[in-house]
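Worksheet: one structure, shown below.
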């Protein structure tokens, strides 16, 4: 158990819908990272927040957005969902703001878009 | 752009034997970090080992060691005394020193046979 929690574990929804994925980092970690793992694209970094502020952006679509709240939990919002958005979404956390710090991954949220 | 290549989609090894997983990367940066992550059937991503590019010495973590060849841009993972619990997908990853956009290879599926 990494200490990072993600909810829900599974999510099934329809095209065009909007969903919110939630992540709680390990106690004491200030950074949260979001990743997408799909069959087509493999593992991709989406976005990072550090202590409430956006710190780095990767291959995140404009339909996707994220935020980190004062209690340091983070949410990833996916809207206008398409079939290709079906994937495993991971969040990870680390103490510092540098990507090379050890990142601890959550168990992931499996999103299925029908 | 940084790319990470894992040329072995699948490998297998007998329990207690040694196996080496290959990874090459492409970058013009001189300072960066390389990682090997393990993803067992549970889907949890686990950091196996990390290497800082400016360090000449190869990183080791118990039965796991790397062969880092900076000039050749090669970063292979050696697993000694393979155990059944080593069965997993292994991902090689790269991140620049001051950039948190982590890039992953496509992964190598390792099966340890009894």
**OP:** Scan segment B:41-63 and give yes if some residue there is touching a helix residue (DSSP H, G or I) at 6+ places or on another chain (Cβ under 9 Å) and free of Cβ contacts under 8 Å to residues at least 40 places away in the same chain, otherwise no.
**Re:** yes
**OP:** May I ask you to say which residue of B:86, B:81 is modelled with pLDDT of 95 or more and surrounded by fewer than 17 Cβ atoms within 10 Å (Cβ to Cβ)?
**Re:** B:81
**OP:** Only residues that are within 19 Å of residue B:82 (Cα to Cα), more than 10 Å from chain A (Cβ to nearest Cβ) and either part of a loop (DSSP other than H, G, I, E, B) or in contact with a strand residue (DSSP E or B) (Cβ under 7 Å, 6 or more places away or on another chain) (or both): list them for segment B:40-62, please.
**Re:** B:40, B:41, B:48, B:49, B:59, B:61, B:62
Subject >> Residues located in segment B:87-110, provided they are over 13 Å from the mean Cα position of the chain (by Cα) and away from chain A (no Cβ under 11 Å) >> reply: B:87
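Here's the yes/no breakdown for (1) within 13 Å of the chain's Cα centre (by Cα); (2) more than 14 Å from chain B (Cβ to nearest Cβ):
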| residue | (1), (2) |
| --- | --- |
| A:32 | yes, no |
| A:42 | no, no |
| A:46 | yes, no |
| A:62 | no, yes |
| A:111 | yes, no |
Subject >> Listing of strands (runs of 3 or more DSSP E) fully contained in segment B:68-114 that carry 3 or more residues being touching a helix residue (DSSP H, G or I) at 6+ places or on another chain (Cβ under 9 Å) >> reply: B:108-113
Original post:
If you check residue B:77 against the conditions, is it over 16 Å from residue A:38 (Cα atoms), away from chain A (no Cβ under 11 Å), in contact with a strand residue (DSSP E or B) (Cβ under 8 Å, 6 or more places away or on another chain) and touching a residue at least 60 places away in the same chain (Cβ under 8 Å)?
Top reply: no
**OP:** Determine whether residue B:35 is within 12 Å of another protein chain (Cβ to nearest Cβ), part of a strand (DSSP E or B) and at pLDDT below 95.
**Re:** no
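The values are calculated or read from the model by the stated rules, or taken from the named source; none is laboratory data. Here the structure is a predicted model, which is why all the values come from computation and not from measurement. Positions of Cβ are backbone-derived with ideal geometry, glycine not excepted, and every protein chain shown enters the neighbour counts.
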